[in-house]
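Notes to accompany the following structure.
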Amino acid sequence: MTTENSTIRLTTAQAIIRWLSNQFIEIDGQELRVCGGGFGIFGHGNVTCLGEALNTMQKELPLYRGQNEQSMGFAAAAYAKQWLRQRFMFCTASAGPGTANLLTASGLTHANRLPMLMLCGDTFLTRLPDPVLQQMENFNDPTFGVNDAFKPVVRYWDRITHPAQVIQSLPNALATMLDPADCGPAFLGLPQDVQGWAYDFPTKFFEKKLHRIRRQPPDRAELQDAIAALAKAERPMIIAGGGVQYSKATKELTDLAEKHQIPVVETIAGRANLRADHPLNCGPIGVTGSDSANALAARADVILAVGTRLQDFTTGSWTAFDENAQFVSVNAARHDAGKHMALPVVGDAKLSLQAIDAALSLSTPKSWLDFAHSERSKWETYVASNVAHGNRPNSYAQAIGVVNALCDPRDRIVAAAGGLPAEVTANWRTLDIGTVDVEFGFSCMGYEIAGAWGARIAQSEREPDKDTITFCGDGSYLLMNSDIYSSVLSRKKMIVLVLDNGGFAVINKLQNNTGNASFNNLLSDCPTIPEPFGVDFAAHAASMGATSEKVSNPAEFGEAFKRAKASDKTYVIVMDVDAYDGWTTEGHTWWEVGTPQVSDSDSVRAKHREIEAERAKQRRGV
């Protein structure tokens with residue numbers, strides 16, 4: 001029995017792992033560890049002490065062996081997203097380059113407001129053996145090292161210089177990761193000597209604790225202002241972001257929309273807030289959106305934005321809306337709620353939507369609803385034509401259409417970088433709530449496969465009979481593919497769809513659309529490549545233990561997908577797609593990109609004038 005003053009002697013590393021194993025959260029009536037385990041690559045900076053501690057907790061905190069530290073972080077991000085930020089994974093890396101490899105993943109989790117705990121080796125606190133292997137020496141500040149580079153890309157940062165510090169640092173890190181307003185990655189630098197130092201910790205520190213994610217009710221005055229603005233709307237619209245799902249507020253969103261007949265459009269992160277067949281779902285908004293959603297956005301007079309940070313791909317760099325439109329922004333984070341002079345409602349989405357629904361008196365004009373339904377119908381007709389295959393070149397959209405028709409409604413869809421996020425966002429017809437993960441907050445190449453592995457780990461804990469399906473371009477595959485091997489080793493099956501267009505085709509498209517000639521994007525347009533050739537992705541995937549095949553057209557792609565669904569291990573399907581023909585040409589708003597004000601090229605100068613002419617529609621912070 002634990003007494004008030006009893007202690008237990010543990011190393012710093014042992015204390016961290018023991019404490020993590022005793023933190024729980026209740027999800028759907030079931031108590032689960034808030035930390036689902038971790039991803040790790042051991043080196044001299046974490047194997048001897050942290051590795052020793054983790055070895056004793058294999059059942060409580062399963063450790064997945066990574067192939068690349070960056071991909072470990074991507075997997076952790078997708079795991080947290082699948083669990084709607086209620087659970088997280090840690091990543092442990094050795095001192096120096098191993099830890100530095102996590103920087104990009106930390107940026108991804110920070111941009112996407114996702115929890116991830118990094119337990120990373122650091123240089124010796126005593127400095128007696130300095131300079132040590134893989135240490136970056138700073139001549140003017142010996143306390144300043146590689147790990148300090150994480151400060152801009154985490155929500156919580158600490159370097160543990162004494163074992164007792166974890167008594168405060170660990171709860172602070174966890175509180176940050178579970179805070180809806182401040183959620184993001186946490187970083188603990190663990191000097192190699194301090195990891196092994198022992199301390200008499202209070203036994204009570206390691207007692208089981210059940211955590212809850214705070215639901216902050218909205219301020220009454222802010223709520224009243226928001227309701228008053230919405231009540232006057234003649235052309236209301238809801239922008240539903242990813243925060244709707246994190247708040248578990250999809251029902252409240254649907255109830256509000258249906259009761260007051262308000263059209264709903266979705267952000268990229270908010271895809272799958274509503275099913276595609278819901279009559280008020282008017283499609284994705286923005287640069288990679290739909291004509292239907294963008295037509296509504298251009299005319300709406302009051303816009304209720306829920307759980308979105310209003311990124312440029314959502315707002316069309318702030319050209320998608322009428323200049324006089326009034327925003328009402330519901331967000332757990334104060335920083336997001338007040339953007340562009342919105343009427344802020346700082347609070348939990350579920351509670352805020354319930355309160356707005358209960359107090360709002362609004363009768364949406366029939367003419368506005370008729371317009372929304374007409375635009376939605378036209379967009380659905382376009383998508384149906386866009387994803388159909390026949391006598392034309394292979395395209396991303398056709399592959400998306402094949403999968404959409406054959407997958408289970410609860411399968412998880414993953415995409416991240418290149419042209420596929422736009423194509424999935426525009427063409428995917430959501431079959432069930434919360435089934436789409438398009439990582440476009442940081443839009444990281446490499447997330448496609450690594451993220452799919454992390455998503456599958458999470459999915460296997462809740463829906464083991466469903467599949468995780470990832471759309472991946474050839475460029476992203478070449479950048480980071482080793483978690484195909486990880487998935488086979490760990491028996492976490494995923495379906496990887498590799499669509500090969502011979503290089504970075506979407507950036508080639510942007511290059512051409514700004515008046516530039518193709519250069520250094522497609523393999524065929526690289527002057528330093530005398531004889532371009534493609535990679536045998538199917539053979540490469542097979543060498544990592546996956547079942548794989550290459551197909552020639554969408555019809556064969558569909559048959560291969562059926563075989564992938566029936567398989568019990570990771571399955572890779574490769575299909576060539578056209579680099580120029582078959583892009584989704586509708587549904588785009590203006591997007592601000594930097595173009596040369598002066599150039600020797602007539603086409604570049606002409607495109608600069610054309611692009612700048614659209615700037616007149618841009619809202620300037622109001």
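Of note:
- Annotation: peptides 369-380, 104-115, ranked by per-residue average of other Cβ atoms within 10 Å with the highest first, follow the order 104-115, 369-380.
- A Förster radius of 35 Å combined with the Cβ-Cβ distance from His162 to Arg491 puts the calculated FRET efficiency at roughly 0.30.
- A simple count of charges around Ala269, restricted to other residues whose Cβ falls under 11 Å of its Cβ and scoring Lys, Arg +1 and Asp, Glu -1, yields +1.
- When only the Cβ of Lys, Arg, Asp and Glu is charged (+1, +1, -1, -1), the dipole of the chain relative to its Cα centre reaches about 1320 debye.
- Label zone at His335, where the point sits 7 Å out along the Cα-to-Cβ direction: segment 345-368 residues whose backbone N lies under 19 Å: 345-349
- Taken about its Cα centre, segment 365-503 carries a charge dipole of about 180 debye when Lys and Arg each add +1 at the Cβ and Asp and Glu each add -1 at the Cβ.
- Ignoring lysines fewer than eight residues from Lys339 along the same chain, the ones with Cα atoms less than 26 angstrom from its Cα are Lys81, Lys151, Lys232, Lys248, Lys251, Lys350, Lys617.
- When both segment 1-39 and segment 116-150 are represented by their alpha-carbon centers, they are found 28 Å apart.
- FRET efficiency, 1/(1 + (r/R0)^6) with R0 56 Å, evaluated for Ala405 and Lys151 via beta carbons: 0.75
- Put simply, when 130-136, 79-85 are sorted by average Cβ atoms within 10 angstrom per residue, most first, you get 79-85, 130-136.
- Positive end of the dipole of segment 469-622 (Cβ unit charges, origin at the Cα centre): among Ser486, Met544, Ala505, the Cα lying farthest that way belongs to Ser486.
- Förster-model FRET efficiency, 25 Å R0, Glu380 and Glu614, C-beta, rounded to 0.05: 0.40
- When all alpha carbon pairs of the chain are counted in 20 Å bins from zero, the resulting P(r) reads 19, 50, 29, 2, 0 %.
- Excluding same-chain neighbours fewer than eight residues apart, the aspartates and glutamates reachable from Lys378 by a Cα-Cα span under 13 Å are Asp291, Asp370, Glu586.
- Farthest towards the positive end of the charge dipole of segment 70-155, among the residues Gln134, Thr123, Ser94, is the Cα of Ser94, using unit charges on the Cβ of Lys, Arg, Asp and Glu.
- Dividing the summed helix terms, -39500 (n - 2.57) for each DSSP H run of n ≥ 4, by the number of residues in the chain produces a 222 nm estimate of -10500 deg cm²/dmol to the nearest 500.
- For segment 412-492, the Cβ-based charge dipole about the Cα centre amounts to some 160 debye (Lys, Arg positive; Asp, Glu negative; other atoms uncharged).
- Reachable lysines from Lys550, criterion Cα separation under 23 angstrom, eight or more residues apart if same chain: Lys492, Lys493, Lys562, Lys565, Lys569
- For the pair segment 234-266 and segment 273-352, the centres of their Cα atoms are 10 angstrom apart.
- Segment His44..Gln30, full-extension length gain: 1.2 nm, with 0.36 nm per residue of separation and the alpha-carbon distance subtracted.
Values in this text are rule-based calculations from the coordinates and carry no lab data. In this text, all values refer to a predicted model and were calculated from it rather than measured experimentally. No Cβ is skipped: glycine too gets one built from the backbone with ideal geometry, and neighbour counts run over all protein chains shown.
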